[in-house]
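Structure record follows, encoded as structure tokens.
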Amino acid sequence: MKTDFEPQLYESPNMTGRRQTRQSRQPTQPQGIRGPRSALTDYLASNNISAQQIRDDWDRRQAEAQRQSDQAEQESSNAAEESRSPSVLESPEDPVQKRKRQQAIVRIKNSKEFAKRKARFSGDYDDEDDDDLLALQIHEEKNRPKPGQLANCEICDKRFTVTPYSKAGPNGGLLCVDCSKKQKADEKKPPAKKRAPGIGRRQNQANLLDGLTPHGTQSLLETCIKKVADYIHDIEDFGDLPPSLLLRLGQILSRRRAVTSRTLDLFLRPQYTSIDLFDCAKLGTDDYHKIMASMPRLTRVNLRFTTPMKDQIFHYMMERDMEIKDLHLDGPNLVTDACWRQLFMKLGHRFLSLKLWNLDSAFDNETARLMCLHCSNLQRLKLKFLHKIDNEMLEEISTLKSLHHLSLRFLNETEIKTEPLLEIMSSVGAQLETLSLEEFEFADDRLLQHIHEHCRHLTKLRLTLNSTFTDKGLTALFTGWSNPALTYVDLNSLRDVDMTNPAGPEESIGLASDSFVALMAHSGSKIQHLNIASCRHVSYKAFEQVFAEGKMYPNLKYLDISFSTVVDDYLAQCIFRCCPALQRLVVFACFKIRDVYIPRGLALIGTVGATIKIDGITQTETI
Amino acid sequence: MVESTQSEFVTIVSNDGFEFIIPRSAACVSGALRRSLDPSSKFPEGISGRCELGEFSGVVVEKICEYFCYNEKHKDQVNVPDMDIPPELCLELLMAADFLDT
């Protein structure tokens, strides 16, 4: 530290010292007679600065420093004999300076930069001493000569010009170019920051949601498909990939939003009868023509995000009288009502399945009526988020006599009455295999009654987002139902919604304890997929009863119990015991799951900060 | 050769005559190989422990065997990175993976 300002001190007393000889004589000289005096001496005298005093001060400081360093040397040698001093500051210096430096170090320790550096090195430095060392380092760095100044190299003592790239030496000083080169060669890279033993929550959850269990390698097939997708732009032709792989590739490319006019060509196979593309947003109108023209044998058209699809495409289909049986389109909003009607009239009789999503500017009740009239062979119908249809079209659905699969979801502002649904149940309920009615908020227990009475062949049932069904109604549905056990059940969000009364009314609304027990008693033997997310009124007791020892759900692969806040570690273990085939358990907002042992091959999705053990491998989630 | 029904290793042969000898357990990662190498299946492969993949060249079969061993090595580990596959091989390998049910 001394070295920093010593050179300046050196020069000033010397200079003043030379003059001082004259000045000191001053008082002894008789008044009036003066030797030659410089303007500076005059000036200093007039300002009451005595060169003599400056010199004396300097001599005194020198002597003091000498004495202190002798003392310190003695002390430090003594200290070294007894024990090494914990302080890193071993060099001698006067107390004022030392205090100043200590203050600077304290300041640095509170500074942002210190915190940042500490974080960077965390793991390596964590005790007090290391903090001191780090602070000292920063302090020294701040006191280093600025770029452009001259400094002496710490190792070879050569004088050199400091640049922003000058390296620091082992003791904090700067090094000349040659020495820094040598130093660099010696210096090994600091060990990379070790990752905490936990797992990154985000990546982990993303993988789980993709269905990857966290251990073992991925299948070669999946790895290859990903690789192919990575290099899709270099691929000229897929060769003869089987349709199943083509479908999977289409899914991955769609997810990466990589389906463009160019990649589309890879999927166009004249001999294939189906095309599935889940993201067509980047295709132009011409591309749709290309699909239709190059695959004349298409019977199944499954295209999503089809915004640029226009009337011409439908006209083309009608002109060629294409044998399309399955038409699944998401968002073809540029197609007009007139065109839809024509399509149903011309090709409707061939349609076996029709799935439409997200139509807001066309497809009104009249079009829907014509659809039901002309597509009399329709076995599968799915209509979701069609803005212009309501109760009126529901009544028409009951005329579709061969319907086996029905899936409906209206906009939530469309008020749907229960009566048309009852009519559908009584007319086609008996043959329905799957039934999905989402967000029919005001449908009441009469609908459940009708399902109970009419449905005999259901395998999949989805009734969601309703706060009118009662626990009693649902219990009655599953008790003594002549329908065989269901395989796919989604009853999420059947619950009472009343902010002021979170526990719900006395008479439970939605899927609560009794109906959950009844459901599992009815379908437990066959059930594969169960979603009861947000059914908040299912009690701890009901869970305990359903997943009691001795109960077994051999086929259950997917279970979603999100927002069932009563579920804890014990219940989770009970679930694993009762469901040997379980592959995914979704537990968003089940905060009582803290520490679980999960079987191999199971993906537990939605835990927060839980400790998860798989076959002896323990993982703690970092949040 | 008859003894090899119980042997710990099996031989995989490519269409251009390269032979790869790998642990039986590793080869059984592939559904197709597991079924054909099963001694009780009475397939010739099951009896001789020698499996000819007549449709794939040595380069592809080598990569497949590499995957078998990679999979075997990492089967008890968490967060295993994907095996590196040279882009020029990925389509062929994709077909092979589909065929072998891996």
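Here are some notes:
- Treating r as the C-beta distance of residue B:76 and residue A:581 and R0 as 22 Å, the FRET efficiency rounds to 0.55.
- Residues whose amide H falls under 5 Å from that of residue B:52, counting only those 5 or more places apart or on a different chain, are B:13, with hydrogens built in the peptide plane.
- Cα-Cα pairs of region A:403-500 separated by more than 15 Å (percent): 59 percent
- Between residue A:158 and A:153, the built amide H atoms are under 5 Å apart, and every one of these is 5 or more places off in sequence or on another chain.
- An ellipsoid equivalent to chain B, defined through the eigenvalues of its Cα gyration tensor, has semi-axes of 23, 17, 11 Å when rounded to whole angstrom and sorted largest first.
- The label point for residue A:445 and the one for residue A:500, both projected 7 Å from the Cα toward the Cβ, are 2.4 nm apart.
- C-alpha long axis of helix B:90-100 to longest principal axis of chain B, angle in °: 30 degrees
- Under 5 Å from the amide H of residue A:611 lie the amide H atoms of A:595, A:596, each residue being 5 or more positions distant or on a separate chain, with H modelled from the backbone and absent for Pro and chain starts.
- For the peptide A:226-237, the mean number of other protein chain Cβ atoms found within 10 angstrom of a residue's Cβ is 3.
- Among the residues of B:72-81, the average count of other protein chain beta-carbon atoms within 10 Å of the residue beta-carbon is 5.
- Once the C-beta distance of residue A:526 and residue B:57 is scaled by a Förster radius of 60 Å, the resulting FRET efficiency is 0.80 to the nearest 0.05.
- Relative contact order (%) - chain B, alpha-carbon pairs under 8 angstrom, separation at least six: 32 percent
- Additional length obtainable on full extension of the chain from residue A:244 to residue A:56, 0.36 nm per residue less Cα span: 58.0 nm
- Förster radius 30 Å - calculated FRET efficiency between residue A:63 and residue A:144 (Cβ-Cβ, nearest 0.05): 0.50
- In nm, spacing of pseudo-spin labels at residue A:258 and residue A:315 (7 Å Cα→C-beta vector): 3.6 nm
- In Hz, Karplus ³J(HN,Hα) per residue of region B:37-45 (6.51, -1.76, 1.60; θ = phi - 60°; x = Gly, Pro): 8, 5, x, 6, 6, 6, 6, x, 4
- Residue by residue along B:87-94, Cβ atoms of other protein chains within 10 Å of the local Cβ number 6 on average.
- Computed [θ] at 222 nm, deg cm²/dmol, chain B (DSSP H ≥ 4; -39,500 (n - 2.57); rounded to nearest 500): -12000 deg cm²/dmol
- Highest mean packing comes first when the peptides A:156-165, A:299-308, A:595-604 are listed by Cβ atoms within 10 Å, giving A:299-308, A:595-604, A:156-165.
- Top of B:45, B:92, B:62 by mean-square fluctuation, Gaussian network on chain B, Cα under 10 Å: B:92
Every read-out reported here was derived from the displayed coordinates using simple, explicitly stated rules and does not represent laboratory data. Remember, it's a predicted structure, so these values are computed and weren't measured experimentally. So basically every Cβ, Gly included, is an ideal-geometry build from the backbone, and we count neighbours across all protein chains shown.
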